[in-house]
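So the structure is just underneath, and the comments pick up after that.
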Amino acid sequence: MNRRPTLLAALALTATAALALTACGGDEGSAKDKDKDSDKIAGADAGGEKSAPPSESAPATEGRPKIELPSDVTLVFEGEKTGDQVKDAVLADNAERMRAVDAAIAGTDTNGEALAFYNTGKALEAALSWVNQFEKAGATMTGEVRYYDRKVTIEGEKSAVLVFCADESKGFSKDKKTNKVHKTPVTKNSYVLYNTKLDKSAEGVWQTSQIVSSRGAAQCQP
């Protein structure tokens, strides 16, 4: 999950063990078998300042958990409407999935309710592992992450593939105790390509079941 000279690089500064985001279990967006980084979040924020109270990132709808993010964390999702009802539902649930992971990292979803709601299978394992790495490092996130070039392919009534890019150039890790923001320079690795598989649950939720990420992918460069 991280981006920008990979959020990972910043995390390495705060954690005793270098979070080698090189493999699936290492970061939130990796499918567990191959991938390298996953998703991180948020952008630049002034260090030394305490995060403001959480702000609601998405209104709760019937039967769905409410997701909140700290006020210093912003996720931007481009291309949310395609005109196709099914594709739009996939894009919407993917956006909630990304918010859910960051809410778990930020501590606004301490029980992981939303995390488990929008993830399943290997994607859930990878997300839990990623959140745990932040916890062990005593870190959280701040800033802005932009998701763009989101392309959905429907593969039957209950399966879809979503490929998209993430711009983490304004997202950083932050020490929970000191609130120090670990800013890093923008490089090609600030941009991440995600390849995800989603399965529609019995309740009609498009849950992410697999996620593979590739940092520095050529097709995501500005």
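The values are calculated or read from the model by the stated rules, or taken from the named source; none is laboratory data. A quick note: this is a predicted structure, and the numbers were derived from the prediction, not measured. We place every Cβ from the backbone using ideal geometry, glycine too, and count neighbours over all the protein chains shown. Only protein heavy atoms, including side chains, enter the accessible area calculation; ligands, DNA and RNA are left aside. Shrake-Rupley method; radii C 1.70, N 1.55, O 1.52, S 1.80 Å.
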- Query: Does residue 151 meet the test of being outside any helix (DSSP H, G or I), of a type in the set (Lys, Arg) and surrounded by fewer than 23 Cβ atoms within 10 Å (Cβ to Cβ)?
  - Reply: yes
- Task: Please enumerate the residues belonging to the range 199-216 that are of a type outside the set (A, V, I, L, M) and surrounded by fewer than 23 Cβ atoms within 10 Å (Cβ to Cβ).
- Result: 199, 200, 201, 203, 204, 207, 209, 210, 214, 216
- Query: Within the range 116-132, can you find the residues that are of a type outside the set (S, T, N, Q) and open to solvent by less than 20 Å² (accessible area, probe 1.4 Å)?
  - Reply: 118, 123, 126, 127, 130
- Item | The listed residue being under 23 Å from residue 210 (Cα atoms), at pLDDT 90 or above, in a helix (DSSP H, G or I) and in contact with a helix residue (DSSP H, G or I) (Cβ under 8 Å, 6 or more places away or on another chain), out of 92, 103 | 103
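Quick one: how many residues across the range 121-177 are within 20 Å of residue 189 (Cβ to Cβ) and of a type outside the set (Lys, Arg)? Give the steps one after another, and end with the answer.
Within the range 121-177, the first condition is being within 20 Å of residue 189 (Cβ to Cβ), and the residues that meet it are 126, 130, 133-134, 137, 139, 141-149, 163-174.
When the remaining residues are screened for being of a type outside the set (Lys, Arg), the result is 126, 130, 133-134, 137, 139, 141-145, 147-149, 163-169, 171-173.
Total meeting the criteria: 24.
Residues to consider are 68, 135, 80; find the one that is open to solvent by 40 Å² or more (accessible area, probe 1.4 Å) and either part of a loop (DSSP other than H, G, I, E, B) or under 17 Å from residue 166 (Cβ atoms) (or both).
When all the criteria are applied, what remains is 80.
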- Query: For residue 123, which of the numbered conditions (1) within 17 Å of the chain's Cα centre (by Cα); (2) within 22 Å of residue 219 (Cα to Cα) fails to hold?
  - Reply: (2)
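Can you tell me which residue among 178, 208 is polar (S, T, N, Q) and outside any strand (DSSP E or B)? Quick ask: steps written out before the conclusion?
Numbers: 208 fails: outside any strand (DSSP E or B).
Only one candidate qualifies: 178.
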- Query: Which ones in the range 155-170 are in contact (Cβ under 8 Å) with a residue 24 or more places away in the chain and open to solvent by less than 60 Å² (accessible area, probe 1.4 Å)?
  - Reply: 159, 160, 161, 162, 163, 164, 165, 166, 167, 168, 169
- Of the conditions (1) over 25 Å from residue 64 (Cβ atoms); (2) touching a Leu at 6+ places or on another chain (Cβ under 8 Å); (3) open to solvent by 30 Å² or more (accessible area, probe 1.4 Å), residue 220 fails just one. Which one is it? (3)
